[in-house]
Structures are given as structure tokens and as C-alpha cells.
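A quick write-up on the structure given underneath.
The values are calculated or read from the model by the stated rules, or taken from the named source; none is laboratory data. On a predicted model such as this, the values are computed, not experimentally measured, just so you know. Every residue, glycine as well, gets a Cβ built from its backbone with ideal geometry; the counts of neighbours run over all protein chains shown. Just so you know, the surface numbers come from the protein's heavy atoms only, side chains and all, with ligands and any DNA or RNA stripped out. Shrake-Rupley method; radii C 1.70, N 1.55, O 1.52, S 1.80 Å.
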Amino acid sequence: MPHRPVVVVVVVSTLLLGMPCGCRDVTPSQPNILLLMADDLGIGDVGCYGNSTIRTPHIDRLAKEGVTLTQHIAAASVCTPSRAAFLTGRYPLRSGMVSSNSNRVIQWTAVSGGLPPNETTFAKILKEKGYTTGLIGKWHLGLSCKSWSDHCHHPLQHGFGHFYGMPFTMMGDCLRWALSEKRVGLERKLDWGAHLLGLAVFTLAAGNLVGLLRVPWMLVAWAAAGAALLATVSHFLGALIVHADCFLMRNRSIAEQPLDPPRTTGIFLQEAHSFIKRNKHGPFLLWMSFLHVHVPLVTTESFLGQSQHGQYGDNVEEMDWMVGQILESLDREGLTNRTLVYFTSDHGGSLESQLGGHQYGGWNGIYKAFAPSLRDQVSPILRPHPGCTLPQDRLIDGQDLTGLLLGTSAHSDHEFLMHYCEDSLHAVRWHQRSRNTIWKVHFLSPKFHPEGAGACYGRGVCPCSGPGVTRHDPPLLFNLSGDPSEAQPLTPATEPSFHQVLDRVVSAVKDHRRTLSPVHLQLDALDNIWKPWLQECCGLWPLCHCRPEDR
């Protein structure tokens, strides 16, 4: 389960001899598109952004031969809303891919919430124009709505013609790590319930025996049975979670349940090689959505102990190797000069992934995490190149990045970026072009733990509202052009245009809110709890088991 409080995303776009000239009818000159997305990679974890101790030569090659973007920010600090924005070019709130009750991501595979079927993704647009589209790896945007087989949120419903991967996400719970997203918390609740019922059984039985109470013995028996059931479920909960969420699908069928995590690296690479080879005459869109570098940091034996940064460094270096293997596939098939390659992370590193003094998450360099930031939405694949038709019945927040990638523009067309945390607007970023200055205004910010840590250690994720959040009155103002670390808040005494900047940002917020329409929040309440009738299972639940595909 993703839980990233920090903001900056690593993005490299390269091997670009020609941008997609549009979404016109496909011609042989239209490039293939390869999207490489890491999970929880920090901007401080790769060489091209200054890391000198973790080896990332293949990612660095992309940066050297292409373009690096330094204000290319994620739409959210957690996976589900960030990935929804990446696919649609819209703030996650517009599609309801946020919550208002701290369920910030999709919690189980078998929930009814997910990316609404009526959303338009760049995969849908490209598929309609003749691209062969595929997704390998993590999805985490929902699966089904009303029955286990309707697959209303499935990747194949959102423009991907091929899918092999995890419909949910890699979790520490998939290997029963001590760093647990939900198992440990649920076990505590079940154990508490079992102990409470056990105490009630003892009290009622004793009261009956000594004559102080007159309670039907059947009620005592039912309470005892309930206590036993809760204790049993708690004991087997880890295995139940592994079977419920940690499995692989090929298109609409389960390929492996539960998955064998160490095998996934080889399987995903083989899938990527196969997809590229069979579609080498193109054009194709392939989204390689890595399970790296999310905990539990599943790393093959050849990379274990090879980095200077423990299990996390090993995992980053293996992912970089995977990037190199996929680039070699392009080389072998003669596709390098016909392919746009785009590397990013879904959001920043997981600072809270820490246990026993060991850091299992990434590093976000000089950047702070006052609020989830918005990627310069969206990648240039989606924006309206000549001949491309975008949906006219909704607002698209994305802007064309072609000028940035081709070097004809120093910045994107974005002026304001809204920083949401769940459904709460925490901050706004404003590019004041007349001064070539980037301002950031914070209305709300989490109370980091410990104070000044830049994260909420011990909580798993920083809160978006409630007592764990500070409301700033007046708002905090930073000049990101000179203070990218947000170390020194400005005041009217230190910044002559303090009030003018705040007034302009507040006005932009009012304009933005007028564009919002009421929408069903997909991650709230009943849409984000486990529903047994939505559970995918090979066999009879909970004895789900599929043999791995022969390879």
C-alpha cells in the first residue's frame, strides 16, 4: 500500500528524435512510446540528480542523451491518485480518485472503487488512433464494481490492449514483513475484539454459575464462538491478505496466486521483451510500471548486498539494470531511434518506511513535503498535438510539454498548480512569468513527527486534515526559485510583494474551485472496503491457488 508523503518526482524523457506529431491516423513515422515508472523512487536516489553512491548508469544515460525536468511534480504523494492523474491529465479530485477519510489509496483488490470507466486516458486515445497498448506491472486503480468478473476498472477498460501484472500493489504484507501496511493493524483490532469477547464469555459464565446473572447459555456459547473466530482469523490473516491481494493477472485471468515475488523481475522483463518484439513494426505504447522500489524491496540474489545503501540501494540498482535490459530490447529490434522513452516515479521516496533504525525508503534530496505536488500534467503523449481529439465534456488540467522536451521553451504553459492532499487543498504553486519566479503558498501543512523531520515517522503517512494538520493564517509563502528546500518562509518585511502574491494566488484558487463539480469519491467509505463477492480467486476462497505459468 503506497504511503508517500513527499513530493518531487524524478523524470527523464529521452531518445527523442521526434515527438509524436499528433494523434492522427497512424503512419510509419509515428514513434513508439515507452513509459518507465518506478514506485516510490526519491529524486535523491539517482545519479543524474546528484546521487554519487547508488549506481544508476542506465537512468543516467537517459538523462545524458535526453532531457531532465526539475519542476515535473507528482499529482499526489501516494500511488492511487498520482497514477490516476498521470493517466488522465486531470487533478485526482476531478475523477473522484481521492478520499476524505484518510483512505488515501485503494486498500484492497476487492473493493468497488477505482478509476471511473468514463475517464479518458492517454492509452485510450492512442489505442483509438492505432497504437498497440500494453501495461506490465503495477496498476492499483481498481478492478471490479459489482461482481468479481465485471472488471469495470481493469486496465483493459482504460485503453490497454494487454495487461500482465499486479492489479493491486506490492506490499510489505506480501512477504509478511514487519513493515506492514495493514496486517499488523488489523491483527491488533481482531486480537482486541477476541480478548473483549473472551472477557465477556468469562464474566457471563461466572455470573451464571454463582447466580449473580441470568444469561442464556446459548448467548455465552455464541460469544465464545465469536471470540474463537476472531482469534482464528487473526492467526491466519497474513496468509489471507497474501492470497487476496498479492497475485498476478494476464489480461482478465489470474496467472499466479499468490505470486512468488522473487520471480516477478524475470517475468516482467520477459513480458516487456516479448511485447516489444511482437510489436516492433509499431506503433506501440508500453507502460512498464515497476514494483521496484516499494517495500518489501524484492531483489534478486545477484543484486543483494551489492550497493552501499542496504536493501533499498540494492533494489534501486536492480531496477536500473531492468531499465537497461528494456533499452537493449529496443536496440536489438532497431527501435531506439523510433521510440520516445519517458522515465519517472509515481511520487517521491517513502521516508516513513523505517524500522529498527533502518531506512527502507528513498531520499528526496533537498525537497520538503509540506503538500503533495502536481506533476506538470500530463506527459506530452496526451496533450493535443495536431489531429488529436481530447474529450470536450470535462476539463483537462494537462498542458503540452512538447516545447520543453524539444528545447524550444524554457517552461510549460502551467501558471498555477494546485497541491491537494486527499480532497483538501494544502498549497498552490505559482509561476510568475513577469519575474521568472516560482512561488509556493501553503494554507495547510502536516505536523511532522518528530517536529522538523519532514515526515511523519511512526504513522505510515502524514494526515491531510484534523488535529495532525496546521492551518496557516496568514499562509506561508516561499520563493522556490531561490529557496527550493522551503527553508525560509517569507514575510511582508522580507518580501515587498508578499500581499500581492497571496492575493493573486487566492484569486486563482477561487477561479479553480469554480471549475470543480461534485463527484463521487471512489476511495471513501463503502467503496474502499474489502467485499468478498469482488474477490478474484483461483479455486475456492480462501484456498486460492494458481500454478505459475510455465516459462
Qualifying trypsin sites (Lys or Arg not before Pro) for segment 209-258 [loop in DSSP, other Cβ within 10 Å: at most 15]:
Arg214, Arg252
Label model pair Lys280, Trp530: point-to-point distance (7 angstrom along the Cα→beta-carbon line) in nm is 4.5 nm
Cα-based Rg (one decimal) and Dmax (whole number) for segment 487-538, in Å?
22.0, 66
Using only alpha carbon positions, build the gyration tensor of segment 143-198, then give the equivalent ellipsoid semi-axes as the square roots of 5 times its eigenvalues, largest first, whole angstrom.
34, 16, 6
Working note, segment 422-500: Cα radius of gyration (Å, one decimal) and Dmax (Å, whole number) are 13.8, 43
For segment 179-334: Kirkwood Rh in Å [reciprocal of mean 1/r, alpha carbons]:
20.1 Å
Which residues' amide hydrogens lie under 5 Å from the amide hydrogen of His309, considering only partners 5 or more residues apart or on another chain, with H built in the peptide plane?
Asp314
Counting only residues 5 or more apart in sequence or on a different chain, those whose built amide H sits under 5 Å from that of Asn51 are Val46
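Compute the whole-percent fraction of alpha carbon pairs in segment 254-326 spaced more than 21 Å apart. Could you put the intermediate results ahead of the total?
Values: 842 of 2628 pairs.
Beyond 21 Å sits 32 percent of the P(r) for segment 254-326.
Write down Rg/Rh for segment 223-298, rounded to two decimals, with Rg from the C-alpha atoms and Rh from the Kirkwood relation over Cα pairs.
On the way: Rg = 18.6 Å, Rh = 15.5 Å.
For segment 223-298, the value is 1.20.
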Any idea of the accessible area per residue across segment 59-130, 1.4 Å probe, to the nearest Å²?
26 Å²
Hey, what's the Kirkwood Rh for segment 438-551 if you take every pair of different alpha carbons, in angstrom?
19.0 Å
How large is log10 I(q)/I(0) at q = 0.10, 0.11, 0.16 Å⁻¹ when the Debye formula is applied to the Cα atoms of segment 64-181, each weighted equally and without solvent?
-0.34, -0.41, -0.83
Percentage, to the nearest whole number, of Cα pairs in the chain over 42 Å apart:
21 percent
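Tell me which DSSP H helices of the chain clear both cut-offs, 18 Å or more of axial length from alpha-carbon atoms and a mean Kyte-Doolittle hydropathy of at least 0.5. If you can, show how the numbers build up before the last one.
Numbers: long enough: 183-210 (40 Å, 0.69); 217-245 (39 Å, 1.48); 264-278 (21 Å, -0.07); 310-332 (33 Å, -0.69); 498-513 (23 Å, -0.34).
Flagged H segments are 183-210, 217-245.
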Dipole check, the chain, charges on Cβ (K,R +1; D,E -1), about Cα centroid: among Met171, Leu327, Val78 the Cα furthest to the positive pole belongs to Val78
Net dipole in debye of the chain [+1 Lys, Arg Cβ; -1 Asp, Glu Cβ; about Cα centre; nearest 20]
820 debye
Return the distance in nm (one decimal) between the two label points of a simple spin-label model at Asn101 and Ser253, each offset 7 Å from Cα along Cα→Cβ.
3.8 nm
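Could you calculate the contour length gain from Ser409 to Leu219, that is, 0.36 nm times the residue separation minus the distance between their Cα atoms, to one decimal place in nm? Walk me through the intermediate numbers first.
Numbers: separation 190, 0.36 × 190 = 68.40 nm, distance 7.43 nm.
So the extension gain works out to 61.0 nm.
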Check cross-link reach from Lys127 to the aspartates and glutamates: straight Cα distance under 17 Å, and skip same-chain residues fewer than eight apart.
Asp25, Glu119
Amide H proximity to Phe443 below 5 Å, modelled H, separation 5+ or other chain, gives Ala427, Val428
